[in-house]
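The values are calculated or read from the model by the stated rules, or taken from the named source; none is laboratory data. These numbers were taken from a predicted model, which means no experiment stands behind them. Cβ placement follows ideal geometry from the backbone for every residue including glycine, while neighbour counts extend to all protein chains displayed. The accessibility values were calculated without ligands, DNA or RNA, using every heavy atom of the protein model including side chains. Shrake-Rupley method; radii C 1.70, N 1.55, O 1.52, S 1.80 Å.
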Amino acid sequence: MALLIQRPNGTEDVIPQNIHKWHTIEKVTREVAEKFGFKEIRIPTFENTNLFLRSVGETTDVVQKEMYTVMAKETKFTLRPEGTAGTIRATLQNGLLNEPMPQRLYYILPCFRHERPQAGRLREFHQFGVEMIGTQSPVADAEVISLAKNLLDRLELRNIALYINSIGCPACRAEYHKALKAFFEKDKDNLCDTCLSRLEKNPMRILDCKSPVCSDIAANAPLIIDYLCQECSDHFEKLKSYLDAMNIEYTVNPKIVRGLDYYTKTVFEFVTTDIGAQGTVCGGGRYDGLIEQLGGPKTPALGFAMGIERLILTMEKQGCAFIEPKKCDLYIAPMGENALLKTLTITHNLREEGFWTEYDVVGRSLKAQMKYADKIGALFTMVLGDNEINDNKAKLRNMSTGEEIEVTLDENFYFNFSNIAIAAMFKESLEF
Ligand code: HAM
């Protein structure tokens, strides 16, 4: 079949056969976030473009190359490339800073970046993220990192290294920028055009340029960690001591600068080598200046986001368990109109009791119905014909053991079916 229109490059369909993987991540992320006191926030999929220019930053790859922007009635809107900017905008717009501090928010949302698609890198991808707003203490950095670690552990992921760094505050950054400028000035002629303009405006962004020539030049650039002021240095030392106390292993990687402009002080990434080049499953850090930059009061904050597709890829590669998809509890095959009427009553009542119940809505032969029940993995089947209706009795068949149990088709049926289903779960035999 030649499909006339395909899905856009860099997007994915999640078909029912795979949805349990998403449900696993969604369930576990919610449980872990809520255990740490975080509450869910939902924000629009698109925002005024200026929000991202002011937060993510005009010299970043995300803003310069990757945003999906439309002009609608003279206003520019952008599909969100990440969740932090919108979450902070919503925090300010809804007066959440008047609520008890720190605010602990989490989100699960689609993001859009026009990047070159490859394994683990999509144009529409999904993030689970958290933001903790209103604390400057380094123990909050440790708390947020431990949430991420707790989540990765709950998913039973292995072989994921935590890298941390500090990229300082505007005070230490000013000195660092001078050193970077002097360093890149020597190789000015070899930098790509984007980096050439970054040299004046924001030389730190040259460090995360994806062009091989710029990355080669940047390999020996000065490191921000050597330029930290006393306060930033103390903050970083405290964070390390808290991580040690929590038994969370980490490596200081002075090369991590992150690709978004709002970060200050702590930055961190969780990286696996199991899924190829796009192995960063989580990235985050502190952004003490962002809220003020967006027009709010001076308020420190921090957070992280994880790529859900990357988490699933890693779980698949490592053979981690997903929550088993639910199965049909009972498939009823009615033979004839009377049996169908009884089937409709039983089905309705069983569904009220919470059981997944199906019957034939196609008009198939008994043999074809049984084949269908087998294909959907029904746990029990029951054939209802004239004899069963007259005797008010039928046989429930356990599809995995072949065992048949006689049941009465009166009001006791629902109670008995519950018991039989539970017993089957524990692989016990029961008769009624
Ligand atoms: P980020 O590092 O740009 O940070 O993205 C976070 C995570 O989203 C990445 O570590 C990766 O797992 C996933 N991700 C990013 N781009 C793609 C892509 N094209 N395809 C698949 N997955 C991707 C942020 O977005 C920050 N807002 C994180 C944060 C929250 N910092 C503080 N609070």
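For ILE420, ILE389, what's the largest-to-smallest order of accessible area, 1.4 Å probe?
Putting ILE420, ILE389 in descending order of accessible area: ILE389, ILE420.
Using the Kirkwood radius built from alpha carbon pairs, what does the Stokes-Einstein equation give as D for the stretch 266-312 at 20 °C and 1.002 mPa s, in µm² per second?
177 µm²/s
DSSP beta bridges in the chain, what fraction antiparallel, as a percent rounded to 5?
In the chain, DSSP labels about 80 percent of beta bridges as antiparallel.
Which far-off residues, 5 or more places away or on another chain, put their amide H under 5 Å from the one on ASP187, with H placed in the peptide plane?
Answer set, sorted by chain and number: none.
Between SER233 and GLU292, what is the label-point separation in nm under the 7 Å Cα-to-beta-carbon projection?
Roughly 2.3 nm, to one decimal.
Expressed as a whole percentage, what fraction of the accessible surface of the stretch 289-432 belongs to carbon and sulfur atoms when a 1.4 Å probe is rolled over the protein heavy atoms?
The value for the stretch 289-432 is 51 percent carbon and sulfur by accessible area.
Mind checking which of ILE323, PHE184, PRO117 is farthest towards the positive end of the chain's charge dipole, using Cβ charges of +1 (Lys, Arg) and -1 (Asp, Glu) about the Cα centre?
PHE184
Per the helix-only calculation at 222 nm, which mean residue ellipticity applies to the chain, given -39500 (n - 2.57) for every DSSP H run of n ≥ 4 and division by its residues, nearest 500 deg cm²/dmol?
-11500 deg cm²/dmol
Please report, in debye to the nearest 20, how large the charge dipole of the stretch 330-421 is about its Cα centre when each Lys and Arg carries +1 at its beta carbon and each Asp and Glu carries -1 there.
400 debye
Only loop residues by DSSP count here, and only those with at most 10 other Cβ atoms within 10 Å; note down the trypsin sites (Lys or Arg not before Pro) in the stretch 333-432 that meet that.
LYS427
Given a Förster distance of 51 Å, report the FRET efficiency between SER146 and LYS76 from their Cβ-Cβ distance, rounded to the nearest 0.05.
Once the sixth-power term is evaluated, E becomes 0.85.
Out of all DSSP beta bridges in the stretch 330-421, what portion is antiparallel? Express it as a percent rounded to 5.
50 percent
Where does each of 41-52, 258-269 land if you order them by average Cβ count within 10 Å, highest first?
258-269, 41-52
Within the stretch 57-109, what whole-number % of the accessible surface is contributed by carbon and sulfur, with the 1.4 Å probe and all protein chains included in the calculation?
Accessible surface attributable to carbon and sulfur in the stretch 57-109 totals 49 percent.
Could you list which residues have their amide H under 5 Å from that of ILE323, counting only those 5 or more apart in sequence or on another chain, with H placed in the peptide plane?
Long-range HN contacts for ILE323: THR24.
Which of TYR106, LEU207, ASN48 sits farthest toward the positive end of the charge dipole of the chain, with +1 on the Cβ of Lys and Arg and -1 on the Cβ of Asp and Glu?
Of TYR106, LEU207, ASN48, it is LEU207.
For ASN253 and HIS177, compute 0.36 nm times the residue count separating them, minus their Cα-Cα distance, and round to one decimal in nm.
25.5 nm
Quick check for me: using +1 on Lys/Arg Cβ and -1 on Asp/Glu Cβ, what's the dipole size of the chain about its Cα centre, in debye to the nearest 20?
The dipole magnitude comes to about 1260 debye.
Given H placed 1.01 Å from N in the peptide plane, which residues other than close sequence neighbours of THR264 have an amide H under 5 Å from its amide H?
ARG286, TYR287, ASP288
Alpha carbon centre of the stretch 297-343 versus the stretch 204-277: separation in Å?
36 Å
Any number yet on Rg/Rh for the stretch 330-421, C-alpha, Kirkwood?
Looking at the stretch 330-421, the ratio lands at 0.91.
Using only the alpha-carbon atoms of the stretch 185-307, report the extent along each of the three principal axes, biggest first, to the nearest angstrom.
47, 41, 29
Over the residues of the chain, compute the C-alpha Rg and express it relative to 2.2 N^0.38 Å.
1.28
Taking only protein heavy atoms and a 1.4 Å probe, what accessible area per residue, in Å², does the chain have with all protein chains in place?
In whole numbers, the chain has 51 Å² accessible per residue.
Show me the GluC sites (Glu not before Pro) within the stretch 142-211 that DSSP assigns to loop and that have at most 15 other Cβ atoms within 10 Å of their Cβ.
Filter output for the stretch 142-211: GLU156.
Taking Rh as the Kirkwood radius computed over C-alpha pairs, what is the Stokes-Einstein D of the stretch 1-86 at 37 °C in a medium of viscosity 0.692 mPa s, expressed in µm² per second?
203 µm²/s
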